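Okay, so here's the structure we're looking at.
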Amino acid sequence: MTLDWQQIVNLIITAAFGVVGYLYAQIVAEAKKDRELINDLRVVLPTKYVSKDDLTSHLNRIETMLTKIFDRLEQKADKP
């Protein structure tokens, strides 16, 4: 059985498309896994970390309380 050039080219092209198809399938599978991990993070993340607005609110309250404490200390220090 002899192979002419057309058959050799067809085999090479078929093999190349097979490799490309396999790699594409692997990339799609990894992308799906990544999407699932991101969705899991969307569920877990709010329970473990504080939002920026909540943090700002709490820090403002702490700052207000500290300001009041320092003002009281200043008033006490000024009295003889």
Worksheet item: Which residue, chosen from ASN60, LEU23, LEU11, occupies the Cα position most advanced towards the positive end of the dipole of the chain, where the dipole is computed from +1 (Lys, Arg) and -1 (Asp, Glu) charges on Cβ about the Cα centre?
Response: ASN60
Item to complete: Measure nothing fancy, just the Cα-based angle from helix 5-48's long axis to the longest principal axis of the chain, in degrees from 0 to 90, nearest 10.
Response: 20 degrees
Worksheet, complete the sentence: Given unit charges at Cβ for Lys, Arg (+) and Asp, Glu (-), the dipole magnitude of the chain about its Cα centre in debye, nearest 20, is 460 debye
Worksheet item: For the chain, what is the calculated [θ] at 222 nm in deg cm²/dmol (nearest 500), taking -39500 (n - 2.57) for each run of four or more DSSP H residues and dividing by its residue count?
Response: -32500 deg cm²/dmol
Worksheet, complete the sentence: Among [x] -0.42; [y] -0.78; [z] -0.72, the value of log10 I(q)/I(0) by the Debye sum over Cα atoms at q = 0.14 Å⁻¹ computed for this structure carries the label [y]
Fill in: Between 0 and 90°, nearest 10: helix 52-78 axis offset from the chain longest Cα axis
20 degrees
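FYI, it's all coordinate maths here, none of it is from the lab. None of these values were measured; they are calculated from a predicted model. Counting neighbours? That spans all protein chains shown, and the Cβs are built from the backbone with ideal geometry, glycine included.
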